Amino acid sequence: MTLRLGDIAPDFSQESTEGTIHFHDWAAGQWVVLFSHPADFTPVCTTELGYTAKLKDELARRNAKALAVSVDTLDSHGRWVADIEETQSVTLNFPILADPDRKVATLYDMIHPNSLLNLTVRTVFVIDPDHKIRLTLTYPASTGRNFNEILRVLDSLQLTDHHKVATPANWQDGDDVVIVPSLTDTEEIQRRFPKGYRALRPYLRLTPQPNK
């Protein structure tokens with residue numbers, strides 16, 4: 001099953017380190033960062049899970065929470081969590097799905113045989129409160145994920161969902177944004193963007209971030 005942006009993220013029920021997860025119910029109107037790991041006790045993933053635990057407040061500020069998945073068993077996860085907490089100096093504060101039957105991995109097309117045989121590749125899904133997939137990122141096993149980019153995308157998605165803007169290259173929260181080309185009514189532009197804008201081209205109009 002190939003999942004594309006805008007698709008409804010598949011629902012599932014699966015055991016986790018924090019009990020049974022009924023995914024759509026568990027999401028409960030929040031944004032979800034769902035990210036997969038090839039297996040337990042892998043070095044790069046150990047650092048990623050530790051770093052994600054440190055981001056709990058940043059995610060909560062964005063009405064978001066994390067959910068990890070690995071193809072190993074719940075018993076294995078428990079031993080791995082102890083390693084993560086000791087080596088990364090954190091307390092793990094989000095669930096890790098146990099997926100030994102590959103159910104979640106298959107639903108989310110996380111098995112790429114040419115890369116990792118029957119193990120999950122390292123994919124990130126950002127899923128909105130309506131259960132729609134808004135971002136996918138797939139990393140090679142050797143490269144740790146950039147969680148600052150994941151937070152940046154959450155900021156961009158939440159901004160552009162509520163204002164008729166897009167975010168330019170390398171945008172960070174607080175930078176100027178782009179007025180969408182489809183907005184052409186002058187009075188509406190003035191009403192929506194009272195701080196004014198700079199038109200570099202008719203289709204490229206920069207304005208201060210409207211929610212700042």
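Quick notes on this structure:
- Among beta bridges that DSSP assigns inside the chain, antiparallel share in %, nearest 5: 70 percent
- Note: relative contact order over the chain, using C-alpha pairs below 8 Å and six or more positions apart, is 21 percent.
- Pair-distance distribution of the chain: all C-alpha pairs, bin width 5 Å, starting at 0; shares per bin in whole percent are 1, 7, 14, 17, 17, 14, 10, 7, 6, 4, 3, 1, 0.
- Summed residue charge, Cβ within 13 Å of VAL180's Cβ, Lys/Arg positive, Asp/Glu negative: 0
- Proximal aspartates and glutamates relative to LYS132, as straight alpha-carbon distance under 12 Å, when same-chain residues fewer than 8 apart are discounted: ASP7, ASP11
- For the range 97-212, alpha-carbon Rg and Dmax in angstrom: 19.1, 57
- Residues whose amide H lies under 5 Å from that of SER16, counting only those 5 or more places away or on a different chain, are ILE21, ALA98; hydrogens are built 1.01 Å from N in the peptide plane.
- Per-residue [θ]222 nm for the chain (sum of -39500 (n - 2.57) over DSSP H runs n ≥ 4, rounded to 500): -9000 deg cm²/dmol
- Projected label distance in nm at ALA169 and LYS195, using a 7 Å step from Cα toward the beta-carbon: 2.3 nm
- At least 15 Å along the helix axis (C-alpha) and Kyte average at least -0.5, DSSP helices within the chain: 43-54, 147-162
- Cross-link pairs beyond the 32 Å C-alpha cut-off, checked among LYS56/LYS212; LYS103/LYS212; LYS65/LYS212; LYS54/LYS212: LYS103/LYS212
- Here the calculated FRET efficiency for GLN30 and ALA141, from their Cβ-Cβ distance with R0 = 25 Å, stands at 0.30, rounded to the nearest 0.05.
- Pairs of Cα atoms farther than 17 Å apart, the range 163-207, %: 22 percent
- Karplus-based coupling profile of the range 170-175, in residue order and whole Hz: 6, 4, 10, 3, x, 6, with θ = phi - 60° in 6.51 cos²θ - 1.76 cosθ + 1.60 and x standing for Gly or Pro.
- Long-range HN-HN contacts of LYS164 with modeled amide H, under 5 Å: none
Read-outs throughout are calculated quantities, based only on the coordinates presented, and are distinct from any laboratory measurement. This one's a predicted model, so the numbers in the text were calculated from it and none came from an experiment. No Cβ is skipped: glycine too gets one built from the backbone with ideal geometry, and neighbour counts run over all protein chains shown.
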